[in-house]
Structures are given as C-alpha cells and as structure tokens.
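The block underneath contains the structure these notes are about, expressed in structure tokens.
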Amino acid sequence: MPDVVREDSALSEEESQYQFVALAAQQTFIKDGELVRESAEHHGVQVTEGGLFVPASPGNYNLRLPDGSPAEIKGLRSATRLLVVCEDCRVSGPIAKTVRHDALFANAGGPGQILMTRIRPAVQFTAAVLALNPNISIVWYGHTGICGGANHQTNGRMADFYNPGEDYYVSEMKDSAQMEVYLQTFMNELMEAGFPREQTECHLVHVNEENGISGITTVEF
C-alpha cells in the first residue's frame with residue numbers, strides 16, 4: 001500500500017488535516033492484514049489490500065485504508081456514503097456487495113474496536129472525512145463469530161465465548177451481547193466527537209460459522 005501523500009501547501013486546511021489524519025490511520029491499521037494472514041491461508045483465501053476506492057474482493061479478507069492522495073480527497077468530496085466494515089472474509093465481501101457505498105474503509109474489527117489507541121485514529125479519520133464532505137453518511141458494520149480484530153485486542157477473550165461443550169446459539173448470544181457493547185462504545189465516542197447522529201448508523205452482522213451470515217441487527221446508541 002502506498003505511503004500517504006505528504007502535506008501540500010496548495011491544499012486547503014481541511015485537505016491538509018485529512019492527509020495528516022489519513023497517515024495516522026494508515027499507521028494504526030496497516031498491520032491488520034498480517035493479523036489475519038494465517039487464518040486466510042488456513043481457509044485457502046487471500047488477504048487483499050488497497051485504498052478506499054478499491055472494491056472488496058469476494059470471499060477474501062479485504063483491508064482498505066486511506067492513502068491521503070489528491071485522488072482520494074477528490075473522491076471523498078463527491079462521495080455520498082462511506083462503508084466501514086471488518087476485513088473478515090465472511091463479512092467484508094458480502095456486506096460490500098449488498099450495502100450501497102461510494103468508498104470502503106475496512107480494517108480488523110471495523111467499529112468493533114476495544115483499545116483507545118485504535119478507536120481514536122478511527123474517530124479522527126471519520127471527523128476528517130466529515131470536514132471534507134459535511135453531507136457524507138457513514139454506515140458501520142461489526143460482526144459476531146469470533147472477530148479476529150476484537151479477539152486480538154482482548155488477548156483471546158472473544159474466542160472464549162465459543163465453548164466447544166456449549167450449545168452454539170448460547171455462545172453466539174454471549175458473543176453478540178459483548179460485541180454490541182463494543183460497538184456502542186465506539187459509536188458513543190463518535191457522537192462525542194460531534195459526528196451528526198442523523199448521518200450515521202451501526203449494524204451487527206450475525207455470523208453462523210457453518211452457513212455464513214444468519215442475520216443483521218441495528219445497534220442503538
């Protein structure tokens with residue numbers, strides 16, 4: 001993935017700020033591809049990487065991060081909807097295919113972030129996008145089914161919700177309840193940063209390990 005384009009004196013103040021924030025976001029999430037590479041190899045799929053305007057690859061893990069380029073800034077200024085989703089191969093492709101969007105931001109967890117060191121760059125990136133385009137809407141999708149990003153950030157805690165000796169649906173309910181807490185926490189941070197509530201929405205994708213996506217619910221915040 002190319003490095004972010006450095007600040008240009010010809011850029012407007014909000015464009016220069018966007019480039020700065022895009023670099024911070026890229027540095028924060030750039031290793032998310034390596035985080036899932038072993039899992040991708042195990043399942044016989046790929047980890048694809050690209051910018052915000054590179055379409056998701058069906059069936060694969062999709063890491064889509066900002067590069068801060070003039071072309072990206074131009075694209076975001078004219079975009080009406082940004083989709084933010086976990087890079088997970090079970091989620092990113094199907095959601096990107098069915099949810100209308102002009103740009104795609106995908107990392108490990110999507111809005112399912114736990115650590116403030118990851119929440120802050122994501123929120124700041126969102127604020128910078130809004131500064132470029134005050135009319136843009138952003139839709140967020142997290143998921144159940146052992147999110148690799150959340151599992152990594154909690155030192156394996158998400159995997160603990162899935163007890164081999166326990167009924168699958170009981171485990172999924174525990175996972176779902178905890179993921180919803182994570183999503184609500186993230187969205188509350190976003191609201192505190194001043195993002196217009198009417199321009200955003202958040203959803204939880206329920207992943208059935210055997211049959212893929214089993215449903216999608218709206219997360220209230």
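The values are calculated or read from the model by the stated rules, or taken from the named source; none is laboratory data. This is a predicted model, so every value here is computed, not measured. For neighbour counting, all protein chains shown are included, and Cβ atoms are generated from backbone atoms with ideal geometry for every residue, glycine included.
Odds and ends about this structure:
- Of all residues in the stretch 95-144, those satisfying the criterion of being basic (Lys, Arg) and either closer than 18 Å to Ser57 by Cα or over 14 Å from the mean Cα position of the chain (by Cα) (or both) are Lys97, Arg100.
- Single unsatisfied condition, Gly149 versus (1) within 21 Å of Glu189 (Cβ to Cβ); (2) at pLDDT 95 or above; (3) among the small types (Gly, Ala, Ser): (2)
- Wholly within the stretch 27-107, helices (runs of 4 or more DSSP H) carrying at least 1 residues that are of a type in the set (Asp, Glu) and modelled with pLDDT under 95: 32-43
- Scanning the stretch 46-67 turns up at least one residue that is under 17 Å from Leu23 (Cβ atoms) and over 14 Å from the mean Cα position of the chain (by Cα).
- Count - residues of the stretch 182-221 that are without any contact (Cβ under 8 Å) to a residue 60 or more places away in the chain, surrounded by 12 or more Cβ atoms within 10 Å (Cβ to Cβ), over 17 Å from the mean Cα position of the chain (by Cα) and more than 23 Å from Asn135 (Cβ to Cβ): 1
- Residues in the stretch 40-77 that are touching a residue at least 24 places away in the same chain (Cβ under 8 Å), of a type in the set (S, T, N, Q) and surrounded by fewer than 23 Cβ atoms within 10 Å (Cβ to Cβ): Ser57, Asn60, Ser69.
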